[in-house]
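None of the figures in this text is laboratory data; all of them are computed from the coordinates on show. Since this is a predicted model, take the numbers as computed values, not measurements. Glycine also receives a Cβ, built like all others from the backbone with ideal geometry; neighbour counts cover every protein chain displayed.
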Ligand SMILES: Nc1ncnc2c1ncn2[C@@H]1O[C@H](COP(=O)(O)OP(=O)(O)OP(=O)(O)O)[C@@H](O)[C@H]1O
Ligand SMILES: [Mg+2]
C-alpha cells in the first residue's frame, strides 16, 4: 500500500487529516526533525497502529494530532476542525470534548473507585454520566463486577480497562493510546488489546495506538511505520472475520 501523500488516500470519512507535518526540536545548536513532512489520513471506526524504532517520532505524531503538542508547520484537521493555530484554551476544549487518551501508566486516581474514575472526566466538564453507556462499556470491557473497587485492588489489566472505559465514556472522536500494554504482562496486554478491538468493532470507536510490540500491532486494521520522522510503510490488513462472517 502506498504511503499517503498530501493528495492521495483521503476520504471525507477521515476523522484526522494531517498534511505535511513538521516538528523540530532544538537540541543545543542542533535541530532534531521529529516529524519530517508527515501526511496521513485516519478513517473513522478503524484501529490504526503506529510502530517504528525508538526515537522515530511515534509519540510526537500522536501528541501533535491529539492537540497535546504543537507542530512547527503543517495542517491537522481533527473531526472537522483545523487545530493548528488554536489557542491553548481552544485546544484544551478540543481535547476534552473530542479525544480520549490511554497511556502506559494507567493514571487512575487512587482514592476513587473504578466507577468514580470512569465518570470523572464527564463530571469535571459539568456533564452527567450516561449510566446506560457506562454500564454498556463496563460490560463490554469486562469490568462491571469491579466498579466499587479502588485501583490498588485491581490487576494491572483491569486498571487499564478502567482507563479505557474512562477514555470512551465521553464518546471521543478518537481514542489515542500510547503503549497501552507497556506495563502489562502478555495476558493482561491481550485483554486490553481485545477490548480496544471490541471498542472499534462493537462501538464504532476510532482508535490510534502507538506500540513497540508487533504482536499488539496485529490487532489493528492498519499499521503505519515511522522511521526518522517519516511514514515509511502504510499497511492495511484485511479485516479478519469469524465463521459467521462477522468482524473478529
Ligand atoms: N521535548 C523534546 N525535546 C527535544 N527533542 C525531543 C523532544 N521530544 C522528542 N524529541 C526527539 O524527537 C524524536 C522523536 O521522539 P519521540 O518521542 O516521538 O519518539 P518515539 O518514536 O515515540 O520513541 P519511543 O519509542 O522511544 O517512545 C527523538 O529524536 C527525540 O529525541
Ligand atoms: Mg514514544
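Data table
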quantity: Two-site label geometry, residue 22 and residue 125: point separation in nm, points 7 Å out along Cα→Cβ; calculated: 3.3 nm
quantity: Shape category assigned to region 115-180 from the gyration tensor of Cα positions, a/c cut at 1.5; calculated: oblate
quantity: Cα-based helix-to-principal-axis angle, 88-98 vs the chain, degrees rounded to 10; calculated: 50 degrees
quantity: Label-point gap, in nm, between residue 116 and residue 155 - each point 7 angstrom along Cα→Cβ; calculated: 2.5 nm
quantity: Label point at residue 235 placed 7 Å out along Cα→Cβ; residues across region 200-216 whose backbone nitrogen lies under 15 Å; calculated: 211-216
quantity: Rounded to 10°, Cα long-axis angle of helix 186-203 versus longest principal axis of the chain; calculated: 80 degrees
quantity: Rounded tilt (10° steps) of 131-141 against the dominant C-alpha axis of the chain; calculated: 80 degrees
quantity: For the chain, calculated [θ]222 nm from helices alone, where every DSSP H run of n ≥ 4 adds -39500 (n - 2.57); calculated: -9000 deg cm²/dmol
quantity: GNM result for the chain, Cα springs below 10 Å: residue of 106, 47, 176 fluctuating most strongly; calculated: 106
quantity: Footprinting exposure proxy for 25, 115, 219 (fewest neighbouring C-beta atoms within 10 Å first); calculated: 25, 115, 219
quantity: Residues residue 107 and residue 215, FRET efficiency given R0 of 35 Å [Cβ-Cβ distance, rounded to 0.05]; calculated: 0.90
quantity: Cβ-Cβ FRET estimate between residue 30 and residue 69, R0 fixed at 25 Å, reported to 0.05; calculated: 0.80
quantity: Footprinting exposure proxy for 92, 19 (fewest neighbouring C-beta atoms within 10 Å first); calculated: 92, 19
